[in-house]
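**Student:** My questions all concern the structure below.
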Amino acid sequence: MRVFRILGRSFTNAFKSLIRNFSLTMASIICTIITLVLVSIGLLLSYNVKDITENIEKELTIVIFMEKDTKKEDVQKTREDLEKIDNVENIIYRSKEDIKNEFKNDEKWASIVNTLSETDNPFQDSFELVIKDVRDINETVTTIKNMEHIEMVKYGESSVNELVSIFDGIKIGTIVLVGGLVLVTVVLITNTIKITIFSRKREIDIMRLVGTSNTVIRLPYLIEGALIGILGSILPILFTIFGYTMLYEKFTGLTVSNIIGVIKLASPDGIVYNASLFLLLLGTVVGMFASGLAVRKHLTV
Amino acid sequence: MEFIELKDVYKVYKNGVTALASINLKIKKKDFVFIIGNTASGKSTLIKLLYREEKPTKGSVSVGGINVAKLRNSRIYKLRRKIGIVFQDYKLLPKLTVYENVAYPLESYGLSGAEIRPKVLAALEQVGLSHKTRSFPSELSGGEQQRVCIARAIANSPKLLLCDEPTGNLDPKTSKEIMDVIEKINKELGTTVVMATHDKDIVNRMKKRVIVIKDGLLDGDYLKGSYKVDESV
Ligand SMILES: Nc1ncnc2c1ncn2[C@@H]1O[C@H](COP(=O)(O)OP(=O)(O)OP(=O)(O)O)[C@@H](O)[C@H]1O
Ligand SMILES: [Mg+2]
């Protein structure tokens, strides 16, 4: 009961001062909107980066060709060595006999392969590796190249490296931008609330003198900050849900390279709602944090 | 332990001014004590130590069993709910009516309207302002505003009433009326009163315990009625 009464009174006060300082409130809300829209873009981008990277990781293989006359026991030893590499998820071994048989069964090649004698085999033993993390692919390849009896290692090196570095760049850029904007928003909301507090400084002092607890004094301002955050997150949430869904429907795919294949946007189900919830929380927390900063000074003797 | 006890208290402000030095003082429950002294002698500082507006630089201050000097900022409100404070400048909120001014500390403690109403009405009755509940402070005389301030201070039935020159802005006749109100509160409600004042007429007439401060030092402590006008500073 007590808590509800105090909360009720605080809400009334918070609304009153939001309206009284209309222009500053609007400035704070607009700043929050801009920040949260960018946070939203950053979030959706990183969701997609994660999605694409995972897809690439799933599809990306390293193909290893053994030297032609490698003995079977050496091949077996190579296999064991490959299994020891941390970044290797899965190994498929294809012996030169298997490959020869495959070609024999292939109409196009059968006539040519059949001209070879039983013992004659131009193919090479090979491994296909699925790896865990694309980022470490160069290291993994170097390790493999240094092993014995390896003739050739093939993978889509240049495009993979490029893509990984672009994604990293996007991530860092987003984090820096969003961090900066959150800071600006905090400063703006802090100032808005400071003005409110300034006009009520006398009241706060008197409240303290007559035994009002700091929590109760702080409450209307925290609510005011939270309201700014919540009001500021409405448009960004709509932008996230409808904007992204529209983009997803319009944008059918982009071919990057034949190794990586087609890049598609991640499906909006789930993603947009998670992002929206995050925006709402972030707006509220930033608003409350900013107003907490603003009142702090006035609550000490 | 005494109701109020100061042990070897020093107060040095940040600017280097020593406002109080080696103050030892005990005040009993239900007592009525005047604190007098020249301007800048440290009277207000002493009162501020009691409600923890200032912290002693050295020494200990205890009020009603609470070690005030060690009280954390976030807990000060607990002390202040047990103390009524009356100021020279009233410190009323101009946008609230008399009733609301007296009620809102209680509201902020979370009491319900039904709990608050009898307390507010009783307090206003004590100070003789029952007929002005709906007026705003700007519509009241200085004496009436001071009565509102006193009503607000006693509405929560505090054990201690601190007054810093409550009659400083009032004419002699109004001052006397205000002093009558405060004395009545002391007698009828048993509220301990500690009052800093300049007003020698009041001090002489009322025959209470008198503590004299001179340049931040305790210069005299006269028991009830033993203080005489010619000894004044
Ligand atoms: N917040 C403060 N910061 C610095 N110095 C202060 C502060 N408050 C008071 N002082 C100094 O401390 C000394 C005592 O001040 P105090 O207000 O206690 O005197 P007082 O006896 O109440 O005077 P008056 O009768 O004029 O009200 C003065 O020299 C004053 O300048
Ligand atoms: Mg003073």
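The values are calculated or read from the model by the stated rules, or taken from the named source; none is laboratory data. What you see is a predicted model, and the numbers here were worked out from it, not measured in a lab. So basically every Cβ, Gly included, is an ideal-geometry build from the backbone, and we count neighbours across all protein chains shown. Surface accessibility is based on the protein's heavy atoms, side chains included, excluding ligands, DNA and RNA. Shrake-Rupley method; radii C 1.70, N 1.55, O 1.52, S 1.80 Å.
**Student:** Can you list the aspartates and glutamates whose alpha carbon sits under 18 Å from that of A:LYS50, skipping same-chain ones fewer than 8 residues off?
**Tutor:** The qualifying aspartates and glutamates are A:GLU59, A:ASP133, A:ASP136, A:GLU162, A:ASP168, A:ASP269.
**Student:** Per residue, how much accessible area does the range B:138-213 show when a 1.4 Å probe rolls over the protein heavy atoms, in square angstrom?
**Tutor:** Averaged over the residues of the range B:138-213, the accessible area is 37 Å².
**Student:** Comparing A:LEU209, A:LEU43, A:LEU177, which has the greatest mean-square fluctuation in the GNM of chain A with Cα pairs linked when under 10 Å apart?
**Tutor:** Result: A:LEU209 has the largest fluctuation of those listed.
**Student:** Using a 1.4 angstrom probe on protein heavy atoms only, which residues from the range A:195-239 are buried by at least 10 Å² of accessible area when all chains are present rather than their own chain alone?
**Tutor:** Residues shielded by partner chains are A:ARG202, A:GLU203, A:ILE206, A:MET207, A:ARG208, A:LEU209, A:VAL210, A:GLY211, A:THR212, A:SER213, A:ASN214, A:VAL216.
**Student:** Another question about this same structure. Report the calculated FRET efficiency for A:ILE30 and A:ASP51 (r = Cβ-Cβ distance, R0 = 41 Å), to the nearest 0.05.
**Tutor:** 0.85
**Student:** Considering every pair of different Cα atoms, what Kirkwood radius, in Å, is found for the range B:78-207?
**Tutor:** 14.6 Å
**Student:** Further question on the same structure: Give the cross-link partners of B:LYS214 among the aspartates and glutamates, using a straight C-alpha distance below 20 Å as the criterion and excluding same-chain residues fewer than 8 apart.
**Tutor:** Qualifying aspartates and glutamates at Cα under 20 Å: B:GLU5, B:ASP8, B:GLU54, B:ASP164, B:GLU165, B:ASP199, B:ASP201, B:ASP230, B:GLU231.
**Student:** Still on this structure: Across peptide B:70-81, what mean number of C-beta atoms from other chains lies inside 10 Å of a residue's C-beta?
**Tutor:** 4
**Student:** If you don't mind, another one. Give me the inter-chain shielding for B:100-109: mean count of other chain Cβ atoms within 10 Å, whole number please.
**Tutor:** 4
**Student:** Let me ask something else. Can you tell me the order of A:3-11, A:115-123 when each peptide is scored by its average per-residue count of other Cβ atoms within 10 angstrom, highest first?
**Tutor:** Top of the packing list down: A:3-11, A:115-123.
**Student:** Note the buried accessible area between B and A here, summed over both chains, with a 1.4 Å probe, in Å² to the nearest 100.
**Tutor:** 1900 Å²
**Student:** How high is the FRET efficiency between B:LYS7 and B:GLU115 when r is their beta carbon distance and R₀ equals 41 Å, given to the nearest 0.05?
**Tutor:** That gives a FRET efficiency of 0.60.
**Student:** With the full set of protein chains in place, find how many percent of the accessible area of the range B:4-222 is carbon and sulfur; take the probe as 1.4 Å.
**Tutor:** Answer for the range B:4-222 is 49 percent, counting heavy atoms of protein chains only.
**Student:** Let me have the 222 nm mean residue ellipticity of the protein assembly as shown computed from DSSP H runs of 4+ only, each contributing -39500 (n - 2.57), with the sum over all residues rounded to the nearest 500.
**Tutor:** Taking each H run of at least 4 residues, the total per residue is -17000 deg cm²/dmol.
**Student:** Between B:ARG134 and A:ASP86, what is the label-to-label distance in nm when each label sits 7 Å out along the Cα-to-Cβ direction?
**Tutor:** That separation, rounded to one decimal, is 8.1 nm.
**Student:** Next question, about the same structure. FRET efficiency for B:THR39 and A:ASN191, Cβ-Cβ distance as r, R0 = 45 Å, nearest 0.05?
**Tutor:** After rounding to 0.05, the efficiency reads 0.70.
**Student:** Report, in degrees rounded to the nearest 10, the 0 to 90 angle that the Cα long axis of helix A:157-199 makes with the longest principal axis of chain A.
**Tutor:** 0 degrees
**Student:** Separate question: Can you give the relative contact order of chain A as a percent, counting alpha carbon pairs under 8 Å and 6+ residues apart?
**Tutor:** So the answer I get is 30 percent.
**Student:** For chain A, with all protein chains present and a 1.4 Å probe, just round the carbon and sulfur fraction of the accessible area to a whole percent.
**Tutor:** After summing per-atom areas, the C and S share lands at 62 percent.
**Student:** When only Cα pairs under 8 Å and 6 or more residues apart are kept, what is the percent relative contact order across chain B?
**Tutor:** Rounded, it is 27 percent for chain B.
**Student:** Separate question: Which links in B:LYS28/B:LYS91; B:LYS43/B:LYS78; B:LYS28/B:LYS48 stretch past 22 Å when you go from one Cα to the other?
**Tutor:** Beyond 22 Å between Cα atoms: B:LYS28/B:LYS91; B:LYS43/B:LYS78.
**Student:** A follow-up question, please. How large is the accessible surface per residue of the range A:61-154, computed with a 1.4 Å probe and reported in Å² as a whole number?
**Tutor:** Here the residues of the range A:61-154 average 63 Å² of exposed surface.
**Student:** Now for a different question. Report the local net charge at B:LYS176: Lys and Arg +1, Asp and Glu -1, summed over other residues whose C-beta lies under 11 Å from its C-beta.
**Tutor:** Local net charge: -4.
**Student:** How far, in nm, would the chain grow between A:ASP168 and A:GLU97 when pulled straight, counting 0.36 nm per residue and subtracting the alpha carbon separation?
**Tutor:** 21.3 nm
**Student:** Apply the Karplus curve 6.51 cos²θ - 1.76 cosθ + 1.60, θ = phi - 60°, to the phi angles in the range A:277-285 and return the couplings in whole Hz, x for Gly and Pro.
**Tutor:** 4, 4, 4, 4, 4, 4, x, 4, 5
**Student:** Near B:LYS82, which aspartates and glutamates are there with a Cα under 12 Å away, not counting those fewer than 8 places off in the same chain?
**Tutor:** The qualifying aspartates and glutamates are none; the list is empty.
**Student:** Restricting to the protein assembly as shown, what percent of DSSP beta bridges are antiparallel, rounded to 5?
**Tutor:** Of all bridge pairs located within the protein assembly as shown, approximately 70 percent are antiparallel.
**Student:** May I pose another question? Of the peptides B:38-49, B:151-162, how do they stack up when ordered by the mean number of other Cβ atoms within 10 Å, highest first?
**Tutor:** With the highest mean Cβ count within 10 Å placed first, the list reads B:151-162, B:38-49.
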